[in-house]
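The values are calculated or read from the model by the stated rules, or taken from the named source; none is laboratory data. Bear in mind the structure is a predicted one, so any value in this text is a computation, not a measurement. Backbone-built Cβ (ideal geometry, glycine too); neighbour counts: all protein chains shown.
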Amino acid sequence: MQPGNGASRRGERAADGDLPLSIAFLAYRGKPHVGGQGVYTRHLTKALTDLGHHVEVLGGQPYPILDERVPLVELPSLDIYNDHFPMRMPGIWELKTLGDFVEVTAFSMGTFPEPLAFSIRAFQHLRKRVNDFDLVQDNQCLGYGLLGIERLGLPVLATIHHPITVDRRLEMEHAETAWQRFAKARWYAFTKMQTRVASRMTRVLTVSQNSNNDIHTDHKVPLERMHVVPVGVDQDLFRPLPDVRRVPGRLITTASADVTMKGLRYLLEALAKLRTERHVELVVIGRLKEGGPSARTIDELGLRDAVTFVTGVPEERIIELYSEAELAVVPSLYEGFSLPAIEAMSCGVPLVATTGGALPEVVGGDGDTALLVPPGDSDALAARIREALDNPELRAAVGARGRQRVIDRWTWRHTAIGTVEQYRALLAETAHIQARRPGGAASAPRYRRARAGRPGSER
């Protein structure tokens, strides 16, 4: 392969679906089992590998758990938000790189520092490995370092599950004091950077039509640059377990973060209402943050003996927990997609969900494949849970139809195939743009070699 043919070879790789690709996948944080970004990273990279492509994950803490065929390149942060000593101030002796100085400076100013700092670390790593990859996929980081990566000659596909500006808006609306509003505005200041970066990306991938519209509105990304590829679920792993007994009155939900958007407060209020008339209990897949909003609500409502938080367990145990529950609940005020919703449906658990964000688009029609209520309405949530608990035939029918909807629509293989189509379209666009620059293809970087013995099989 001769230097100077990058644009033409990029076009060849885009057009030839039999050639495998080499992908650098950026995951600035990737909780293994709780949190959509970690789940997306793990399962999409596995499915891409199954199709014959080579994927390396460049990740920050908490590091994702990956398929054994997918290498993880650790780009360690200062880990300011670790579970054992969150919000710690790093010592001066820990600051060794530009990313470290950026992270601690942004943290000192009260904003969330990880996306910017990670993007700089990724840029510094990739500038030494430009010829190892065909392209870069960013998973919701949207830091300024991505613009530097593009200048290296590496095409970047940005994945945005939903714009974090929605989180900021909801947190500001629910702030109780002027100080809280000030603190939230400062914390979410990084969303301005994300808007600037997103609006400059050549191609943006998102997971639902609802998110597509919100990204266009909030991040000012032109509609022609955005493309929807829904996420999936491992239907063989997340499946009904007929030998596991349902626990009467048990509900299950997922809370990946103790934030307003997840709507856990409204589920807790509904739980307290139902507890006055019957036995009902709640299992939350996630960690309870003592002193946080959920812990305070639990104490205010006297629910310590009715709510159990489960974290750090393998997926097999999570599937058992779904099978033990009579109902799964997604009380979110907004979701860009909701992996917990389709995981519960895949397990055959009847689902009660709100109409926040993309949830109706994902879970289907009310009363058919899920039971829907307005977001932020604990009375409506309690009434719908009561209706389902009192009607075992309804639960069985909704659970069965929900699983069938997942089987028909949401698989990681479909996600991977759709993502590869976007990769090839991005490479074709990039080759075309570079070929039109002064000097034509000769000015473009040399195209990366396909790894020998990795046949593409996404067709």
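Brief remarks follow.
- Selected residue (criterion: nearest to the chain's Cα centre (by Cα)) from residues of the range 312-361 that are farther than 17 Å from residue 235 by Cα and acidic (Asp, Glu): 335
- Any chance residue 75 is over 18 Å from the mean Cα position of the chain (by Cα), buried (at least 21 other Cβ atoms within 10 Å of the Cβ) and aliphatic (A, V, I, L, M): yes
- Filter result for residue 122 (assigned to a strand (DSSP E or B), surrounded by 23 or more Cβ atoms within 10 Å (Cβ to Cβ), among the aliphatic types (A, V, I, L, M) and not assigned by TED's automatic domain parsing to the domain that holds residue 265): no
- Check on residue 244, surrounded by fewer than 21 Cβ atoms within 10 Å (Cβ to Cβ), touching a residue at least 60 places away in the same chain (Cβ under 8 Å) and farther than 22 Å from residue 36 by Cβ: yes
- Test: residue in the range 365-379 that is of a type in the set (A, V, I, L, M, F, W, C), surrounded by 24 or more Cβ atoms within 10 Å (Cβ to Cβ) and either over 23 Å from residue 260 (Cα atoms) or assigned by TED's automatic domain parsing to the domain that holds residue 283 (or both): yes
The rows are residues; the columns are (1) touching a helix residue (DSSP H, G or I) at 6+ places or on another chain (Cβ under 8 Å); (2) within 23 Å of residue 192 (Cα to Cα).
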{"position": "92", "(1), (2)": "no, no"}
{"position": "96", "(1), (2)": "no, no"}
{"position": "99", "(1), (2)": "yes, yes"}
{"position": "109", "(1), (2)": "yes, yes"}
{"position": "115", "(1), (2)": "yes, yes"}
{"position": "120", "(1), (2)": "yes, yes"}
{"position": "129", "(1), (2)": "no, no"}
{"position": "133", "(1), (2)": "yes, no"}
{"position": "151", "(1), (2)": "no, yes"}
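- Considering the range 101-131, the residues that are of a type in the set (D, E, K, R) and in contact with an Asp or Glu (Cβ under 8 Å, 6 or more places away or on another chain) include one that is farthest from residue 37 (Cα to Cα), namely 103.
- Residues being assigned to a loop (DSSP other than H, G, I, E, B), surrounded by 19 or more Cβ atoms within 10 Å (Cβ to Cβ) and on the phi < 0 side of the Ramachandran plot - total across the range 259-286: 1
- Scanning the range 100-132 for residues that are within 18 Å of residue 159 (Cα to Cα) and of a type in the set (Phe, Trp, Tyr) returns 118, 123.
- Boolean, residue 362 is touching a Phe, Trp or Tyr at 6+ places or on another chain (Cβ under 9 Å) and β-branched (Val, Ile, Thr): yes
- Boolean, residue 301 is surrounded by 16 or more Cβ atoms within 10 Å (Cβ to Cβ), aliphatic (A, V, I, L, M) and touching a helix residue (DSSP H, G or I) at 6+ places or on another chain (Cβ under 8 Å): yes
- Top-ranked residue of the range 345-361 - restricted to ones that are touching a Gly at 6+ places or on another chain (Cβ under 8 Å) and within 13 Å of residue 263 (Cα to Cα), ranked as surrounded by the fewest Cβ atoms within 10 Å (Cβ to Cβ): 357
- Among strands (runs of 3 or more DSSP E) entirely within the range 288-399, having at least 2 residues that are under 30 Å from residue 84 (Cα atoms) and modelled with pLDDT under 95 singles out 307-310.
- When 200, 186, 169 are screened for being in a loop (DSSP other than H, G, I, E, B) and either over 19 Å from residue 38 (Cβ atoms) or of a type outside the set (A, V, I, L, M) (or both), only 200 passes.
- Qualifying residue in the range 63-71 (condition: touching a residue at least 60 places away in the same chain (Cβ under 8 Å) and over 20 Å from the mean Cα position of the chain (by Cα)): no
- Scanning the range 90-100 for any residue that is basic (Lys, Arg), in the same structural domain as residue 188 (by TED's automatic domain parsing), within 25 Å of residue 204 (Cβ to Cβ) and over 20 Å from the mean Cα position of the chain (by Cα) turns up nothing.
- The range 150-188 - residue that is of a type in the set (Phe, Trp, Tyr) and free of Cβ contacts under 8 Å to residues at least 40 places away in the same chain and, of those, surrounded by the fewest Cβ atoms within 10 Å (Cβ to Cβ): 179
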